[in-house]
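One structure is given below, encoded as structure tokens.
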Amino acid sequence: MTQFSDLGLDKALLKALAEEGYETPTPIQAQAIPGVLAARDLLGVAQTGTGKTAAFALPILQRLAAERKPAPRRGCRVLVLAPTRELATQIGESFKTYGRHLGLTTTVIFGGVKYGAQIKALAAGIDVLVATPGRLLDHLQEKMAVLNQTEVFVLDEADQMLDLGFLVPIRKIVAHLPKMRQNLFFSATMPDEIGKLAGELLRDPLKVSVAPQGTTAERVNQQVLFIETARKRALLTELFDEPGFSRVLVFTRTKRGADRVARSLEQAGVEAASIHGDKSQGQRERALASFKAGQVRALVATDIAARGIDIDSVTHVIQYELPNVPEAYVHRIGRTARAGAKGSAVAFCADDERNLLRDIQKVTRQTIPSFDRRNDKALGAATAAMPEPAGLRPERPERSAQPSRNGAPKSGARNKRGRSQGGGDQAQAKPAARGAGFKGPKRGGDGPARTGVWSNR
Ligand code: AMP
């Protein structure tokens, strides 16, 4: 099996990897690192969870360290574009972790926050700049950022960029880059427009494809529970009676639904937080941090808020509602079973969601084991206590990752709930096990400040 030391990586990088507990490269790392070190362009078809961040960060860091020079003023030697602030932050943290013995600078820039600190960080010049497209374009248009000396350009999660309407800003940013540069392009899927963009950007790229759709699905212990819409809350609360449900990501289709589910869990005595596009940056960061720290057991999220977020050791993924697009089912269950580990996923399916389930099974080419919890009397008592609120207008699924200014409702009062009466039947999923020797980077408390920029200067 390939070892990191076989890939031609510098001692300082190998030391950081050993400190992180990484033992062997993941397939995308083994395939991509030698080519990127040889200055080739790369087309990586891979989802988060495959180790793709290290696949580009390690050879880039090595290139910067091998050819040291001052970072250009108002510019950067390496530009990484990521679709969401959470993902940008994670990428920045990875660069910082892997490059901790190299003395290079990393800065993360995203929207929704003040400009001042970002302008200051840019002015001095940065080795690695990780940015979301909208805010970087603002800085370019204001001439606060200049990219004409950038040596490496990384576009991460290109398909999500497309979903979020970022293709125009990306093309405008690319126009600021010098012609001579190395390009690394990553996308989980390859819709036509993304293939076209890759064709425009890449020159004779090395092509690496890992974890095609379905691979994650095979690793995750999946089940579907048939349940009436009105009793989903009771069923959800019942699942949390299982001790193995310790770090659980719950998906809803709408932002308001996420808040409602988080509130009802809190009312049932389960610590919960929600994360979606109407939450402020501070609220999102706090929710993620307390989930990562194990202070809340349940993080309730919409698809857009959760995509790309790397949270280690998610024990279970619960789909409170099935997604409208079958591919989202695969992305959701991929939040557990990170990079080779096992995980469990439970999907609730009401009668009016049967057609969505059919589509999912068709796309993933599998029949998901199902259990019928409709008319299950054991859920009755809890259900009576927690009816679905009546009279709410239907809401459209969340479409944008850009938060609005609306404050999010506070979570409800905490009441200690009595034991449920429905535990112990076949519908309980088993807790997930993490693969031996597998560990993500230690995420410290040094994430982005309220200013939307952090660096390791
Ligand atoms: P990514 O696909 O880049 O989001 O990485 C997913 C997770 O895998 C992150 O928590 C990484 O820290 C972790 N990881 C990446 N490469 C390795 C490796 N070779 N060994 C162990 N963990 C890794």
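The values are calculated or read from the model by the stated rules, or taken from the named source; none is laboratory data. This structure is a prediction, so every number in the text was calculated from the model and none was measured. Reconstructed Cβ throughout: ideal geometry from the backbone, glycine too, with neighbour counts over all protein chains shown. With ligands, DNA and RNA removed, areas are computed over all heavy atoms of the protein, side chains included. Shrake-Rupley method; radii C 1.70, N 1.55, O 1.52, S 1.80 Å.
If each of residue 101 and residue 2 carries a label point 7 Å out from its Cα toward its Cβ, how far apart are those two points in nm?
Between residue 101 and residue 2, the label points sit 2.1 nm apart.
Can you tell me the relative contact order of region 220-385? Whole percent, Cα pairs under 8 Å, sequence separation 6 or more. Intermediate results must be reported in sequence, preceding the final value.
Numbers: 296 pairs, mean separation 58.2, N = 166.
Relative contact order, region 220-385: 35 percent.
Under 8 Å for C-alpha pairs, at least 6 residues apart: give me the relative contact order for region 4-209, rounded to a whole percent. Walk me through the numbers before you get to the answer.
Numbers: 378 pairs, mean separation 58.5, N = 206.
Across region 4-209, relative contact order equals 28 percent.
Regarding region 173-264, what whole-number volume in Å³ per residue does the convex hull of its Cα atoms give?
Convex hull volume per residue, Cα atoms: 207 Å³.
Tabulate in residue order the Karplus-calculated ³J(HN,Hα) for region 316-321, using 6.51 cos²θ - 1.76 cosθ + 1.60 with θ = phi - 60°, rounded to whole Hz; enter x for Gly and Pro.
Taking θ as phi minus 60°, the curve returns 9, 10, 10, 9, 5, 10 Hz for region 316-321.
Hey, how much of the P(r) for region 220-385 falls beyond 27 Å, as a percent of Cα pairs? If you can, show how the numbers build up before the last one.
On the way: 2445 of 13695 pairs.
I get 18 percent for the Cα pairs in region 220-385 exceeding 27 Å.
For labels at residue 124 and residue 175 in the simple 7 Å Cα→Cβ model, what's the distance in nm?
It works out to 3.2 nm between the two label points.
Hey, could you get me the Stokes-Einstein D for region 4-209, Kirkwood radius over alpha-carbon pairs, 37 °C and 0.692 mPa s, rounded to whole µm² s⁻¹?
Numbers: Rh = 16.9 Å.
Taking Rh from Cα pairs, D becomes 195 µm²/s.
Accessible area per residue of region 4-209 at 1.4 Å probe, in Å²? Show your work: numbers first, answer last.
Numbers: 7620 Å² over 206 residues.
I get 37 Å² per residue for this part.
Once you have the alpha carbon radius of gyration of region 162-210, what is it after dividing by 2.2 N^0.38 Å, with N set to its residue count? Each step should come with its number before you reach the end.
Values: Rg = 11.3 Å, N = 49, 2.2 N^0.38 = 9.7 Å.
Normalised Cα radius of gyration, region 162-210: 1.17.
Please give me the summed charge of the neighbours of residue 352: other residues whose Cβ is under 13 Å from its Cβ, Lys and Arg +1, Asp and Glu -1.
On the way: positive: 232, 253, 354, 358, 374; negative: 228, 321, 351, 353.
Result for the local shell: +1.
Give me Rg/Rg_expected for region 1-75, where Rg uses Cα atoms only and Rg_expected = 2.2 N^0.38 Å with N residues. The partial results should precede the final answer.
On the way: Rg = 12.9 Å, N = 75, 2.2 N^0.38 = 11.3 Å.
For region 1-75, the normalised Cα radius of gyration comes out at 1.14.
For a quick check: with amide H placed at 1.01 Å from N, whose amide H comes under 5 Å from residue 370's, ignoring anything fewer than 5 positions away on the same chain?
The answer is 224.
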